[in-house]
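Student: Sharing a structure here in structure tokens format.
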Amino acid sequence: MSTVRMMTEADVAAVSEIRVTGWQAAYVGIVPQSYLDGMTIEADARRRRQYVTAPDKVSLDLVAVDTRGTVVGWACLGPSRTAGGGGELYALYVRPSLIGAGVGRTLLHAVHAHARDRDFDSVLLWVLTDNARARRFYERAGYVADGAVQSDDYDGVSLTEVRYRLAL
């Protein structure tokens, strides 16, 4: 069982490890391998540390911790970056060895509670179209694809993302 708390600067290394290993596990065969191989925990931690300590930060970072206090998941919520208002789940990652153990659901419930506290009437998120596991996870949680799509470039390969939305 995991609990959720606010992320601190001391959590940056653990969160970066979860994010990088999460990408490298989840996106094999979806994102170019060259991009995945180029990701490093150290580079991610440098960027994340600057972001977490920024004085004008508007997002909320949450971590899931196990009974020993080890960080096992991370989620980031903030205002929507696209039209339509509400909140946006910028990221949700779980230690790959714990996928399916309920950590993601626990984090997502905490995200929804914080979104309501911020008076967001909905939460949206973007998922790579080919990430079937993540799409099923969010659909089981009540999210619905709303028809919006966008593309991002990864080492010269354009990948499409679909937007999901949940009314709170």
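Student: When you scan the stretch 101-124, how many residues do you find that are under 20 Å from THR21 (Cβ atoms), of a type in the set (A, V, I, L, M, F, W, C) and in a helix (DSSP H, G or I)?
Tutor: Residues that pass the stated criteria total 3.
Student: When you go through VAL65, VAL52, VAL12 one by one, which is the residue that is touching a residue at least 40 places away in the same chain (Cβ under 8 Å) and closer than 14 Å to TYR90 by Cβ?
Tutor: Numbers: VAL65 fails: closer than 14 Å to TYR90 by Cβ; VAL12 fails: closer than 14 Å to TYR90 by Cβ.
Step by step, each of VAL65, VAL52, VAL12 is checked, and only VAL52 is touching a residue at least 40 places away in the same chain (Cβ under 8 Å) and closer than 14 Å to TYR90 by Cβ.
Student: Give the stretch 70-89 a look and list any residue that's modelled with pLDDT of 95 or more, more than 17 Å from ASP117 (Cβ to Cβ) and either over 12 Å from the mean Cα position of the chain (by Cα) or surrounded by fewer than 16 Cβ atoms within 10 Å (Cβ to Cβ) (or both), or say none.
Tutor: Correct list: THR70, VAL71, VAL72.
Student: Related question: Pairs please, first residue from the stretch 26-39 and without any contact (Cβ under 8 Å) to a residue 40 or more places away in the chain and farther than 15 Å from ARG135 by Cβ, second anywhere and among the β-branched types (Val, Ile, Thr) and outside any loop (DSSP other than H, G, I, E, B), Cβ atoms under 6 Å, 6+ apart in sequence or on different chains.
Tutor: MET39/VAL20
Student: Any idea how many residues of the stretch 90-100 are among the hydrophobic types (A, V, I, L, M, F, W, C), at pLDDT 95 or above and either crowded, with 21+ Cβ neighbours inside 10 Å or part of a loop (DSSP other than H, G, I, E, B) (or both)?
Tutor: 2
The values are calculated or read from the model by the stated rules, or taken from the named source; none is laboratory data. Bear in mind the structure is a predicted one, so any value in this text is a computation, not a measurement. Note: ideal-geometry Cβ built from the backbone for every residue, glycine included; neighbour counts use all protein chains shown.
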